[in-house]
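Remarks on the structure that follows.
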Amino acid sequence: MICKQAQEDLVGCWGCADELSSEILSHLEECEQCRHEALLLRETQVMLHSLPVERAPEGLTAQIMDRLPHEGQQAGWGERIARWLVPERRMQWGRAAALGAALAIAIAGGVYWYGQEQQTPLQEQVVATTPASETGGDERLAITDAELDELILKHQMLEMSQPLADDVGVGLVVYTSR
Amino acid sequence: MAKGTELSQSEIEAIVERAKKGDREAFGVLVDQYKDKIYNYVSRMLSDPYEAEDVTQEAFLRAYRSLPRFRGASSFHTWLYRIASNLAIDVVRKRKRSEPTFSIDEPLESEEGEYERELPSEDGGPEQRATTRETRLAVRRAIMDLPEKLRDVMILYELQGETYEDIAEILDVPLGTVKSRLFNARNRLKENLRSLVEAGEIEVGQ
């Protein structure tokens, strides 16, 4: 147990004795394995810090400055959109959420519009079952029981298939014929 | 402003403000100030000098384009590091999906045959021990064998001298995550070098 604690503490300070508790220090005097780990850590640290600093190649500043966009030069729309869609890591979620919300609104609007467009032919089809030519221009008075039954059936089918359909016209024919 | 001069935080802030308004000369000062730091960091992350140069250039170009949106909530240097870190991680991930590129350790090929890549060296201070080339290569390989999340923290803390707080900001992770990654990175690096040290194959220079 003390070995585990000692080796964790050694990693925290790169095997340096200065920051270790007296308990761990006494353990190190007795435990050869932990002393070996301490030495290994110190050697690792020395090797790591011995790496030379790698300096930027000559002319890098000039190359960067040459590639900067010039004053007044605007990015094209393609580049702007690409930049907006692929921003820095921490911004991506917020923008993705905004994009998702905009798409959801557009799809919902499209579905609603399509539904509205589909209702009109169905309503016209039902009303056309009592042509004005057979009733002297007043379709409300000429309907028979059979036609009424057919209309009710169509009305019910319409309600089942298109619950949001505007079937006021069909309802008007049914009630006035009674 | 003389090249190579270390600027104070307030001087940097003033230059950033000028650069935000489109002052190219001011941005050039920022490039001069940070290019070595960014290049060294990216070079350690990628272990490929050509890719490191490309990523360093791209980091500064992105910084220039994004400067008008830089609000100064973090310091300019952590913001710049964050851009470079994102780009370097992208390269590391792309590499994983494709064939590995050449490494800084591998010899360069030319018409006359192969020759060793000459890396710029730094004069050793009193605290910097001389080590053999083999040792340096072994350490570079051991760093490259670390998972990129551990490598990132290890390089930023141990080689770039960034603080825990700045690293947390650069990588957008909690402070505790930085500390635990550093702990794991040290342990993994020690294990990566264990066999070489124990076999006496690398010279520590003590």
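Remarks
- Inter-residue pairs, beta-carbon under 6 Å, first part of a helix (DSSP H, G or I) and in region B:175-200, second acidic (Asp, Glu) and open to solvent by less than 50 Å² (accessible area, probe 1.4 Å), 6+ apart: B:VAL197/A:GLU43
- Among the residues making up region B:1-60, those that are hydroxyl-bearing (Ser, Thr, Tyr), outside any helix (DSSP H, G or I) and loosely packed, with under 15 Cβ neighbours inside 10 Å are B:THR5, B:SER8.
- If you filter region B:131-146 down to residues that are touching a residue at least 60 places away in the same chain (Cβ under 8 Å) and under 22 Å from B:ASP90 (Cα atoms), you find that the one that is farthest from the other protein chains (Cβ to nearest Cβ) is B:MET144.
- Options B:ARG133, B:ARG188; residue that is among the basic types (Lys, Arg) and surrounded by 14 or more Cβ atoms within 10 Å (Cβ to Cβ): B:ARG188
- All of (1) over 20 Å from B:ILE143 (Cβ atoms); (2) part of a helix (DSSP H, G or I); (3) more than 7 Å from every other protein chain (Cβ to nearest Cβ) hold for A:GLU58 with one exception: (2).
- For A:GLN33, the test of being in contact with a helix residue (DSSP H, G or I) (Cβ under 8 Å, 6 or more places away or on another chain), open to solvent by 60 Å² or more (accessible area, probe 1.4 Å) and either closer than 21 Å to B:LEU189 by Cα or in contact (Cβ under 8 Å) with a residue 40 or more places away in the chain (or both) is passed.
- Scanning region B:147-172 for residues that are more than 11 Å from chain A (Cβ to nearest Cβ) and not in a helix (DSSP H, G or I) returns B:PRO147, B:GLU162, B:THR163.
- Of everything in region B:23-79 that is of a type in the set (Lys, Arg) and within 30 Å of B:ARG136 (Cβ to Cβ), the residue that is nearest to the other protein chains (Cβ to nearest Cβ) is B:LYS35.
The values are calculated or read from the model by the stated rules, or taken from the named source; none is laboratory data. All values reported here derive from a predicted model rather than from experimental measurement. With ideal geometry, Cβ positions are generated from the backbone for all residues, glycine too; neighbour counts draw on all protein chains shown. These accessible areas exclude ligands, DNA and RNA; they are computed on the full protein's heavy atoms, side chains included. Shrake-Rupley method; radii C 1.70, N 1.55, O 1.52, S 1.80 Å.
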